[in-house]
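Dropping a structure here in structure tokens format, bear with me for questions.
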Amino acid sequence: MEIKKVTLPLNNEIIETLHTGDNVLLTGYMYTGRDAAHKRLCQLIEDDKELPFDIKNEVIYYVGPAPAKPGYVIGPAGPTTSYRMDSYTVPLLEKGLKGMIGKGLRSPEVIDNIKKYKAVYFAAIGGAAALISKSIKSMEIICYDDLGTEAVRRLYVEDFPVIVVIDSKGNNLYVR
């Protein structure tokens, strides 16, 4: 089985090489965010204010990592259910978001907009949070520290394992 290695950030050329079912190892910087952070980011967009980080060509990992044990960068960091972000996804795609990592189904509207904005949806393996966290080499809180584990973080990852679930053409691993 071929494993594709991808260096972040993403761009259209990279995204066009990714197909539903591909196993991928991501290396580079990505951001984290869950429901509460997404709501705040979308409120900024609605209010025509600047986001606290440039989202163009970036990837957001839907995770609220557990606190790190002494000597570790981060605690277990497994994916959360993606559909909870669906109502916030389209404005972020419009601003240039290119990738999302989570688990589970996405709405038809999100899938249509993944195609429209040439983005990609990856799945991380649920239940493997401690294993996944070994790919995370650094972490800094970017904004919304008051949200605790749900604060937006910037992660540097090496060989972070994901599977392409929905590619830029709308092909969906869940509906084969």
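How large is log10 I(q)/I(0) at q = 0.17 Å⁻¹ when the Debye formula is applied to the Cα atoms of the stretch 95-152, each weighted equally and without solvent?
After summing over all Cα pairs, the log10 values are -0.83.
While we're on this one: Quick one: work out the % antiparallel among DSSP beta bridges in the stretch 3-169, nearest 5.
Beta bridges within the stretch 3-169, antiparallel portion: roughly 55 percent.
Scan around Lys169 for amide H atoms under 5 Å from its own, H built in the peptide plane at 1.01 Å from N, and keep only partners 5 or more places away or cross-chain.
Correct list: empty.
Taking H placed 1.01 Å from N in the peptide plane, check which residues at least 5 places from Ile101 or on another chain put their amide H under 5 Å from its amide H.
Here Ile60, Tyr61, Tyr62, Phe122 satisfy the definition.
Then there's this: Tell me the relative contact order for the stretch 28-176 as a rounded percent, counting alpha carbon contacts under 8 Å between residues six or more apart.
Value for the stretch 28-176: 28 percent.
Counting alpha carbon pairs within less than 8 Å and at least 6 residues apart, what relative contact order, in whole percent, applies to the stretch 13-115?
Value for the stretch 13-115: 27 percent.
Scale the Cα Rg of the stretch 3-169 by the rule-of-thumb value 2.2 N^0.38 Å and send over the ratio, two decimals.
0.95
Computed from the coordinates by the stated procedures, all read-outs in this text should not be read as laboratory data. Quantities reported herein were computed from a predicted structural model and do not represent experimental measurements.
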